[in-house]
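Written out below as structure tokens is the structure these notes cover.
We did not get these values from a lab; they are worked out from the coordinates using the rules stated. As the structure is a computational prediction, the values presented were derived from the model and not from experiment. Using ideal geometry, Cβ is built from the backbone for each residue, glycine included, and neighbour counts are taken over all protein chains shown.
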Amino acid sequence: MKLDDDDFDEADEETTDSDNKENKINKTNNSTPEKNKMPKKTKIIIGASIGAVVIIAIIIAIVVSSSSKKKKQTYDYYYSQGMKLYEEGNYGDAADMLDKAAKDTKGKKNLELKYTLFNCYENSGNEDEAISILKDILSYDENYEDAVKSLAQIYYKKEDGENLTKLIRKYEDGECSDAVKSYVVNKPVPSKEAGSYDDNIELKFTFDTGAFVYYTTDGSEPTKKSTLYDGSAIEIQNGTTRIKAVAIDSIGVSSDITELEYVIEYGVPSAPDVSPASGKYSSGEKVTINNIPDKCKAYYTTDGTIPTSSSTEYTGEFDMPDGNTVVSFVIINEHGQSSTVVKRNYNVTAKSTYTYNQAESQLKSVLVSKKVLKSDTVAADGSSVNFVYISKTKVNDIEMYIIRYDVIKNGNTSTAGLYGVDTSSGKVYTVTGSEGSYSAKEY
């Protein structure tokens, strides 16, 4: 059924009247609250329930937050975050994360993690922490080569020769020798091997370029406060000398110590080797010492006394003294030590010496026996002869008279020969050459 506008108006009026009635009833009810008021016990129960719900909600929020935070504090979280930051070049924050991971039970033995942490410290300029973490790594694995190499590099940059030396001593002969070999200072090399000698020695050292050598001679350990070797020879003298030497480079890295012991006992010279032996001799024999060592001298006496450095010095062979003589010999070295004394008893008979007339007579006698002469004054062919004195000289170490033999024939004089007569034995020689350069042959 279709409704017109009047119908809608009536409906609105009805509704309005109904609402007005209801409002009147409510106003009536509100004017009497005592009859409709909620009991107090009910209100308390409702309030408590609401509070409990709030507390539970708070507890749940705390548990959820704690669980989330605990999840973030795990080793894996710190490790992964730290490595990520390290790859990004954020070394400071990476070090914080990796340090936490390294302190975890799982991280304490993760040496690769700790070496990455070292790189963080090094790249961020935290040198003390870098050294500390390298030492920590080596406390777990003393042959972790990268850690040894890095620690050596840091000590070298710091010019910390003392700690670098300790590191070298620990690793130079082990598995990680390559990590420290470029920093090794070689120990000084002596020019003379240690041992026993019978004379003073001069000791020198060779060593690395750029290093300095310090040494002691009393057996104490050498340091920079010890005697500086200046390159000149160190003279080692009589007795026992213990030398210790060390080479130290410009930053204080020390070599191993060279230890040497020298025992110098001066050798007493051997007894003189004298010739000839004791015996009877003719005048003119020579006496010789055959074994005088370098830096030694020989001395002798002819009066029976013990020879000393104040006696006659032997400078070469000498004539055996005539008569019955005891000659004593000794060799003394540069340190004043004497050999045993050697004695020779020579009984020397003086040779008879030919006069010129005796020598000429001896020559004539020989020429007659050789049928060169018929007599002292006539040659084999009947010519007259004449003998002329030339000189008294030594020929081939033999003292002789040089005599010329002339032949006179038909009023002409010519030289027929040149002879020499030994002044001591009377032996006759044919002589050739001229004064100062004669040679002689026994006739």
Label model pair Ile257, Ser439: point-to-point distance (7 angstrom along the Cα→beta-carbon line) in nm is 7.3 nm
Distance in Å, no decimals, from the C-alpha centre of the range 229-277 to the one of the range 367-443 is 68 Å
With bins of 5 Å, the percent of all Cα-Cα pairs of the range 158-203 per bin from 0 is 4, 17, 21, 13, 8, 11, 11, 9, 5, 1
The answer for the per residue Cα convex hull volume of the range 320-387, in Å³, is 157 Å³
Over all Cα pairs of the range 238-307, the Kirkwood radius sets Rh, and Rg/Rh then becomes 1.40
Relative contact order as a percentage, the chain, C-alpha pairs under 8 Å and 6+ apart, gives 7 percent
The convex hull of the Cα atoms of the range 113-188, divided by residue count, gives a volume in Å³ per residue of 85 Å³
If amide H atoms are modeled at 1.01 Å from N in the peptide plane, then the residues at a separation of 5 or more from Lys286, or on another chain, having amide H under 5 Å from its own are Met320
So for R0 = 45 Å, FRET eff. of Phe212-Tyr140 from the Cβ-Cβ r, to 0.05, ends up at 0.75
Pseudo-spin-label distance Thr305 to Gln337, built 7 Å along Cα→Cβ, given in nm, is 2.6 nm
Phi angles of the range 201-215, converted by Karplus (6.51 cos²θ - 1.76 cosθ + 1.60, θ = phi - 60°) into ³J(HN,Hα) in whole Hz with x for Gly and Pro, give 10, 10, 9, 10, 10, 10, 7, 5, 4, x, 9, 10, 10, 10, 9
Summing -39500 (n - 2.57) over every DSSP H run of at least 4 residues in the chain and dividing by its residue count gives a helix-only mean residue ellipticity at 222 nm, to the nearest 500 deg cm²/dmol, of -11500 deg cm²/dmol
The correct pair for the range 75-205, radius of gyration to one decimal and Dmax as a whole number, both in Å and from Cα atoms, is 20.9, 77
Surrounding charge for Ser232, neighbours by C-beta under 12 angstrom, Lys/Arg +1, Asp/Glu -1, total -2
Binned at 10 Å starting from 0, the alpha-carbon pair-distance distribution of the chain in whole percents comes out as 4, 10, 9, 8, 8, 7, 7, 7, 7, 6, 5, 5, 4, 3, 2, 2, 2, 2, 2, 1, 1, 1
Note, the range 169-186: 3J(HN,Hα) by Karplus (6.51, -1.76, 1.60, θ = phi - 60°), whole Hz, Gly/Pro = x, goes 4, 6, 10, 5, 10, x, 5, 9, 4, 5, 6, 10, 5, 6, 9, 5, 9, 6
Under 18 Å by backbone N from the virtual spin label 7 Å along Cα-to-Cβ at Glu193, the residues of the range 259-275 are 259-265
Restricted to pairs 8 or more residues apart or on different chains, the lysines in the range 225-342 with C-alpha atoms under 28 Å apart form a number of pairs equal to 4
Lys and Arg at +1, Asp and Glu at -1: neighbours of Ala130 with Cβ under 12 Å from its Cβ sum to -1
When the chain is treated as a Gaussian network with springs between alpha carbons less than 10 Å apart, the largest mean-square fluctuation among Gly382, Gly92, Gly107 is found at Gly382
Here the range 367-381 yields Karplus 3J(HN,Hα) values (6.51, -1.76, 1.60; θ = phi - 60°; whole Hz; Gly and Pro given as x) of 5, 5, 5, 8, 6, 7, 10, 7, 8, 4, 10, 10, 6, 4, 8
